[in-house]
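Quick note: the coordinates plus some simple rules give every number you see, no bench work behind them. The structure displayed is predicted, hence computed values, not measured ones. Note that each Cβ is placed from the backbone with ideal geometry, even for glycine, and that neighbours are counted across all protein chains shown.
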Amino acid sequence: MASGANMAIEQTAKTIGAAGTPDGVVEVMDGVHWIGALDPDLRSFDVILKTANGTSYNSYAVRGSEGVAVIDTVKQEFNDVFFERLEQVADYSEITALVLNHLEPDHTGAVPELLRRAPQAHIYVSHRGIKVLRALLKDDFEKYQCTMTDTGDKVSLGDRTLSFLCTPYVHWPDTQCTYLEESELLFTCDLLGCHFCDDRLFNDRVGDFRFAFEYYFDHIMRPFRRFVVEALDLIEPLEITMIAPSHGPILRSHPRQYLQHYRQLVKPKLQSEIDGEEKTLLIFYVSAYGATAQMAKAIYEGASSIPNVRASVYDLQGSEITPFVDLIEEADGLVFGTPTINGDAVKLVWDLLSGLIDIEMRGKLGAAFGSYGWTGEAVRMVEDRMRGLKMRVPEQGVRIKLHPTDEELQTCRDFGESLSRHLTGAGVAKEIDFSALG
Ligand SMILES: Cc1cc2nc3c(=O)[nH]c(=O)nc-3n(C[C@H](O)[C@H](O)[C@H](O)COP(=O)(O)O)c2cc1C
Ligand SMILES: [Fe+2]
Ligand SMILES: [Fe+2]
């Protein structure tokens, strides 16, 4: 990714001090300064990500003939360095706009203090961001002027114009992008960012960050894949000279390549294998003594007997979790089989279920089944978890005491058929027998 430098930009990117030092401010392009913070020692972000190279919190100051806009801030522990940098490029009294592209704490740590120092700054935030901003500023919220943005809204800085793009869920519901029209510079916050700390700042100067770029996409953007597609649809028609995200390298060399890379990353990996009409149903099970395995086989037989459903069955003891997550991302339905062991579902099942936070599960069909000895809680627990993932669970799961009889195996086949019918749209909702619950 780090490719040949764009010489025209290279000449305007004057470094005032080194970015890695407390006084380092970097001119990104004429009148636009990086005033962010480097966090090279961070090794874990938001609990869920590893950060082998640390990260950066990129904040920018944009100077126009009639004011200065600050775009995003930094994580609170870096406030001092942020204010030192900001003071090098602007007086607080000059700040007319504070643009908040995303209100997660890694970008808003300095916001309350910045507003105390520049109370005249007008805040620009998305419709969904306003609630988060209110929670952040508490009673002080009322003291400041705030405008909710929508796609196409503009703010003038005199000779420069900022325009907003409503791009929700490119990480949180509140996210937006901001475009500096005259400079064709797009501020994307988390989108197109990555956790990669390198004080050379620009993509054509830093080390090889391809791994970090894809890893960030996989863990931050992948659960919101369809929103990333919507954001790309809005961004791609723009003329783009540079992309300035709020983590990792600034993309000034071949910025469009990174949009193309995202287009590749959002594409389903496996869908070409499946006929467009076909629905996919994945059955995962664990079994200590073979009873739940017998049930899985019968459910698979029943599910496979329905046209246009491709059912597959997997023993969780035989694989790592990761390849299954890719399969599940593109599946229409999931069925989990687990015996009840010590009043719980088996850990392998929980491991897979907890691995699903990186993908979108909302609306997929879910079901559970399992053998048990006396209490049999596991099936209901798994169903609850599936509902928690916003899956639809139209059928109450099948629980069978110890090994299934021929009649019970037929119940499993019927269950599989019924799940397949739900996928093809021919499902019949069954009345739940409440006496059987518990
Ligand atoms: C260590 C252990 C703990 C168990 N704990 C429970 C339990 O808490 N509740 C229950 O209903 N059955 C319990 N069982 C019984 C199993 O759920 C039952 O044997 C079941 O048929 C096993 O299914 P499988 O052949 O698919 O492994 C336990 C079995 C074992 C071996
Ligand atoms: Fe975020
Ligand atoms: Fe972030």
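On a straight-distance basis, which aspartates and glutamates could pair with residue 138 in a cross-link, Cα separation under 15 angstrom, same-chain partners fewer than 8 positions away excluded?
Of all the aspartates and glutamates, those that pass the test against residue 138 - Cα under 15 Å, at least 8 places apart if same chain - are 113.
Considering Cα pairs under 8 angstrom that are at least six residues apart, work out the relative contact order of region 271-426 and quote it in whole percent. Each step should come with its number before you reach the end.
Details: 313 pairs, mean separation 46.8, N = 156.
Relative contact order here is 30 percent.
Would you list 295, 391 from fewest to most Cβ contacts within 10 Å?
On the way: 295 30, 391 20.
Ascending number of Cβ neighbours within 10 Å: 391, 295.
Rounding to the nearest 10 and keeping the result within 0 to 90°, find how far the Cα-based axis of helix 79-89 lies from the longest principal axis of the chain.
The answer is roughly 40 degrees.
How would you rank 138, 131, going from fewest to most other Cβ atoms within 10 Å of each one's own Cβ?
Details: 138 9, 131 13.
With the fewest neighbours first, 138, 131 line up as 138, 131.
Just the C-alpha atoms of region 126-190: what Rg/Rh do they give, with Rh taken as the Kirkwood radius?
Numbers: Rg = 12.9 Å, Rh = 12.7 Å.
Ratio of gyration radius to Kirkwood radius: 1.01.
Give me 182, 142 sorted ascending by neighbouring Cβ count inside 10 Å, so fewest comes first. Each step should come with its number before you reach the end.
Working: 182 13, 142 9.
Ranking 182, 142 by Cβ neighbours within 10 Å, fewest first, gives 142, 182.
Which whole number of Å³ per residue matches the convex hull of the alpha-carbon atoms in region 201-347?
Dividing the Cα hull volume of region 201-347 by its residues yields 155 Å³.
So who's got an amide H within less than 5 Å of the one on residue 190, skipping anything under 5 residues away but keeping other chains? H placed 1.01 Å off N, in plane.
The list, which skips near neighbours in sequence, is 246.
Between residue 334 and residues 5 or more places away or on another chain, which pairs have amide H atoms under 5 Å apart, with H built 1.01 Å from N, and which residues are they?
Under 5 Å from the amide H of residue 334 lie the amide H atoms of 282, 365, 366, 367, each far enough along the sequence or on another chain.
Could you give the radius of gyration (one decimal) and Dmax (whole number) of the Cα atoms in the chain, in Å?
26.1, 82
Just from the alpha-carbon atoms, what are the Rg and Dmax of region 107-234 in angstroms?
Cα-based Rg and Dmax for region 107-234 come out at 16.1, 45 Å.
Note the per residue figure in Å³ for the convex hull of the C-alpha positions in region 85-126.
Details: hull volume 3.0 nm³, N = 42.
In region 85-126, the Cα convex hull volume per residue is 71 Å³.
Can you check how the C-alpha radius of gyration of region 39-130 compares to 2.2 N^0.38 Å, as a plain ratio? Please list the in-between numbers first.
Working: Rg = 13.9 Å, N = 92, 2.2 N^0.38 = 12.3 Å.
With N residues counted in region 39-130, Rg over 2.2 N^0.38 Å equals 1.13.
Grab every C-alpha pair in region 293-362, bin the distances at 5 angstrom width from 0 up to the longest one, and report whole percents.
Spelled out per bin, shortest first, that is 3, 14, 24, 24, 21, 11, 2, 0.
Taking the Cα-to-Cβ direction at residue 326 and at residue 211 and moving 7 Å from each Cα, how far apart do the two end points lie in nm?
Roughly 1.8 nm, to one decimal.
Could you give me the radius of gyration and the Dmax of region 271-426, taking only the C-alpha atoms into account and expressing both in angstrom?
Considering region 271-426 through its Cα atoms, Rg and Dmax are 14.2, 45 Å.
For the pair residue 238 and residue 406, how long in nm is the line joining their label points, each one 7 Å along Cα→Cβ?
6.8
Tell me the Kirkwood radius of region 7-266: reciprocal of the mean inverse pair distance over distinct alpha-carbon atoms, in Å. Don't jump to the answer; show the numbers that get you there.
On the way: mean 1/r = 0.0558 Å⁻¹.
17.9 Å is the Kirkwood radius here.
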